[in-house]
1. Where does segment 38-215 land on the Kirkwood hydrodynamic radius, alpha-carbon pairs, in angstrom?
2. Note the angle between two axes, namely the Cα long axis of helix 254-265 and the longest principal axis of the Cα atoms of the chain, as a number of degrees from 0 to 90, rounded to the nearest 10.
3. Suppose R0 equals 51 Å. What FRET efficiency, 1/(1 + (r/R0)^6) with r the Cβ-Cβ distance, do residue 373 and residue 186 give to the nearest 0.05?
4. Over all directions, what mean area does the Cα convex hull of the chain project, stated in square nanometres?
5. Report the FRET efficiency, 1/(1 + (r/R0)^6), for residue 449 and residue 69, where r is their Cβ-Cβ distance and R0 is 41 Å, rounded to 0.05.
6. Report, in degrees rounded to the nearest 10, the 0 to 90 angle that the Cα long axis of helix 223-249 makes with the longest principal axis of the chain.
7. List the relative contact order of segment 38-215 as a percent without decimals, with contacts defined as Cα pairs under 8 Å and 6+ residues apart.
8. Need one number: nm distance between label points at residue 204 and residue 350, each 7 Å from Cα along Cα→Cβ, rounded to one decimal.
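What follows draws every value from the coordinates through simple rules; no lab data is involved. Small disclaimer: the values here were computed from a predicted structure and weren't measured. Here the Cβ is made from the backbone with ideal geometry for all residues, glycine too, and neighbour counts use every protein chain on show.
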């Protein structure tokens with residue numbers, strides 16, 4: 001690694017995945033959602049983007065194009081979607097959340113809603129291409145192009161372009177989008193049926209084509225790619241079936257569904273048998289449980305890193321042993337920690353095995369981790385809470401890991417921490433905590449120095465000076481991965497395959513799927 005310490009320390013960033021663990025849980029989830037991301041929230045963008053690119057390149061293919069004109073064109077479309085969705089919400093109570101540009105174009109949107117006429121924004125916005133191109137490519141709507149035309153429509157992308165083109169023929173709104181100019185409230189209202197994010201399920205043909213693209217594999221050309229696409233669709237359809245099975249018995253949010261599934265699958269030493277129909281649903285259930293297992297390990301380690309970083313800022317320099325000793329001597333359990341781990345004060349004087357045994361085995365099982373509350377605990381409480389979460393997660397997933405339901409990743413910091421906990425013995429509890437902190441600190445240093453060696457900005461929270469750690473002054477907040485399942489369920493709701501009430505998802509018929 002070539003690192004210019006002085007220069008790179010002046011060019012800093014908060015950084016993402018500063019422990020190298022975020023990618024582990026996200027990789028599990030990514031394999032279950034077929035390209036849907038944490039920012040691709042609404043189904044209609046999946047059809048609007050292929051249509052928009054088809055229209056643009058049909059117009060500009062003979063003469064070529066330039067990025068400035070394409071960007072301005074997509075920004076105009078993006079604003080029509082935003083305006084139509086906002087007015088659909090006002091007039092019909094439709095869901096307008098997830099519309100791109102809502103904050104950026106707040107003033108223009110307010111003028112339009114009030115009955116005014118506004119000029120299309122062409123110098124700001126334009127997130128639709130970056131947000132939805134990759135998901136559209138995954139489901140076979142869009143393909144990479146070349147220098148002449150950078151994006152191409154696949155056969156199924158061409159089909160949805162033709163459908164929308166036929167319905168939008170001779171529309172004055174489309175003329176404005178293609179040529180630029182102004183848009184009035186009346187024109188935005190007229191655009192609701194074809195552009196509002198909340199009106200897709202009222203457009204049956206478009207919704208049907210979208211669902212078919214989401215649920216039916218496409219042919220990417222080569223045998224290897226066909227196999228990859230087939231496996232991705234199999235996993236995604238498994239997620240849809242699994243979610244509907246759970247929602248048929250209890251209507252809930254995606255996060256609550258993930259937590260309930262984790263409890264179903266994480267049963268300590270019991271054989272992990274899932275009361276669902278068919279092997280495919282059971283496999284999908286365990287995959288989502290593995291995602292939550294790794295996400296809990298991820299948060300626990302970042303909580304520990306937060307405690308270490310905050311303590312080093314107070315010490316200015318210290319060894320790991322000195323930091324842990326200060327936690328043990330100053331711990332005054334907060335109500336949250338004391339209520340969840342009643343023996344925490346006594347655990348300080350126990351050996352490692354006894355301290356581990358004192359953590360409640362059902363800690364946070366069946367309910368979401370209170371990440372916001374844990375982030376704001378005093379420093380020692382954060383460290384002890386991180387240990388408690390790791391201990392409980394290890395116990396709850398023992399059978400699932402033992403029986404091979406979760407893939408082994410022995411080099412992952414989360415699994416290394418779990419191994420330390422499961423190997424606890426007669427050593428003082430403080431020594432066990434030091435080992436966990438050391439795994440956390442080394443993971444942070446290795447991950448961040450590797451990124452700096454690749455030319456990225458410095459996101460080090462501390463650096464080693466012999467046995468001492470010295471803080472860099474960059475603070476942190478423990479991270480907890482946002483799930484993609486919420487967007488999967490929202491997209492299914494947009495298409496009319498689920499419904500949403502008070503933030504909870506449910507089958508359309510309200511009962512069993």
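1. Answer for segment 38-215: a Kirkwood hydrodynamic radius of 16.2 Å.
2. 50 degrees
3. After rounding to 0.05, the efficiency reads 0.55.
4. 27.2 nm²
5. 0.40
6. 80 degrees
7. It comes to 36 percent, rounded to a whole number.
8. So the label points at residue 204 and residue 350 sit 6.3 nm apart.
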